[in-house]
Ligand SMILES: Cc1cc2nc3c(=O)[nH]c(=O)nc-3n(C[C@H](O)[C@H](O)[C@H](O)COP(=O)(O)OP(=O)(O)OC[C@H]3O[C@@H](n4cnc5c(N)ncnc54)[C@H](O)[C@@H]3O)c2cc1C
């Protein structure tokens, strides 16, 4: 029977980073991935910051970058806000997620981790004997077919939004999910700016996006929060946007390819990071959740690659330390470490997400109008940060126009708060 110090379930950015750091710290480490190839199928718009690229520690950036973006244009129904990055340091990039993930996996292999593909973990259990956890994996590789048992001191669940590890270990973090769809297609691109479209008819409870990936092609997609949508299927909204949205439909040139659909977890409860557990100890063994499995995503934008890698590093290091010291209590350091890094951002982001769900199309217009004033645009340009947006949003919420809007929507906000629990 296979036996490792650390078994990481899922070979996405969070899992690869956790495995890399566990192996680097001396733990025998295995990644189990259900798909036949790392990075495929892609379920991502591939928009990440320069900071996230640095966090990935991948040397050869050119292998996975589609293009550098100069800023973003936010469209409500009647207004648009054009935000240009003031310096190259603050720019964002459209990336090829399949190649990016493969590079991360390669780095984990180089540190000594093993990877087994086509292995879908079905459960994580503690058997009566010993202090190790037993993973049951269904393998579909040509060489080995059937059920496989693997033992581990620490299991890291990096198996995405619908985590089996979280479920079978009794650690359910996300209660709500955004439903997302995306295509790639021909698009009239004037400048390398990401476009964001808000409004109840465009993408209820979230937003739609157009992200250029070369001179005439873009990723066009959206997420909805179905609790605030007249229809639970995001595809209906995508079709409507492609055929009837006053901007998207005009610039969309057909040639559709690479359709993808997926979910993004929304952490539950305002005090999420104080109440929910992403680590568990069971008689000398332990389970950690990381990335989407731990709902480590920005509730404002749905981005999870940066937080997943950041927390993946902490998970890998902590798991290796717990194994080398033979003390699973060390695993609590993981929860503390993640809370320190991203706890406040997630808690504040949830409030902004609730506010967004409460706003009507007219409210979005009012908001864009209030933010288009010179001094507000200066604030957004200079203090905007796609990985840590809370500072900017706290400042924006002091604007009299926004305070008035909040006041008008307080009852609807409280209603969305109840629904978000
Ligand atoms: C449409 C869409 C667009 C997005 N756009 C962006 C964006 O622009 N920028 C951004 O930062 N984020 C974006 N995200 C979110 C981002 O994709 C995720 O936050 C990120 O991929 C999380 O990384 P992860 O490693 O936690 O999980 P994943 O990348 O989901 O990886 C999980 C891995 O686990 C494997 N797995 C699952 N279950 C099992 C099992 N039982 N056994 C073995 N293996 C298993 C899966 O095959 C997968 O390889 C988007 C998401 C969607 C759906």
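Remarks
- Cα→Cβ-extended label distance, 7 Å offset, between residue 63 and residue 214, nm: 2.0 nm
- Potential lengthening between residue 394 and residue 172 on full extension [0.36 nm per residue; Cα-Cα distance subtracted]: 77.0 nm
- Residue ranges 242-249, 50-57, 164-171 sort as 164-171, 50-57, 242-249 when ordered by packing (mean number of other C-beta atoms within 10 Å per residue, highest first).
- Angle in degrees between helix 374-383 and the longest Cα principal axis of the chain, rounded to the nearest 10: 10 degrees
- Multiplying the residue separation of residue 277 and residue 251 by 0.36 nm and removing their Cα-Cα distance gives an extension gain of 4.8 nm.
- For the chain: relative contact order, % (alpha-carbon pairs under 8 angstrom, 6 or more apart): 20 percent
- In nm, spacing of pseudo-spin labels at residue 259 and residue 131 (7 Å Cα→C-beta vector): 5.2 nm
- Put a dot 7 Å past the Cα of residue 362, heading toward its Cβ, do the same for residue 403, and the two dots end up 2.3 nm apart.
- Cα-based helix-to-principal-axis angle, 361-371 vs the chain, degrees rounded to 10: 80 degrees
- Taking other C-beta atoms within 10 angstrom as a stand-in for reagent exposure, 387, 216, 101 fall in the order 216, 387, 101, fewest first.
- Relative contact order of the range 78-236, taken over Cα pairs closer than 8 Å and 6 or more residues apart, is 15 percent.
- The convex hull around the C-alpha trace of the range 178-267, projected and averaged over every direction, spans 5.5 square nanometres.
- For the range 277-303 versus the range 2-20, the gap between their alpha-carbon centres in whole angstrom: 13 Å
- Label point 7 Å beyond Cα of residue 145 along Cβ direction - residues of the range 96-139 with amide nitrogen under 13 Å: 139
- With the helix formula -39500 (n - 2.57) applied to DSSP H stretches of n ≥ 4, the chain reaches a computed 222 nm mean residue ellipticity of -10500 deg cm²/dmol.
- Expressed per residue, the C-alpha convex hull volume of the range 1-110 stands at 124 Å³.
- The convex hull around the C-alpha trace of the chain, projected and averaged over every direction, spans 19.9 square nanometres.
- Length gained on full extension, residue 382 to residue 110, computed as 0.36 nm times the residue gap minus the Cα-Cα distance: 94.0 nm.
- Of 313, 253, 132, the one that fluctuates the most in a GNM where the chain has Cα springs shorter than 10 Å: 253
Readers should treat all values here as calculations from the given coordinates under stated rules, not as data from a laboratory. Given the structure is predicted, the values throughout are model-derived calculations rather than measurements. For neighbour counting, all protein chains shown are included, and Cβ atoms are generated from backbone atoms with ideal geometry for every residue, glycine included.
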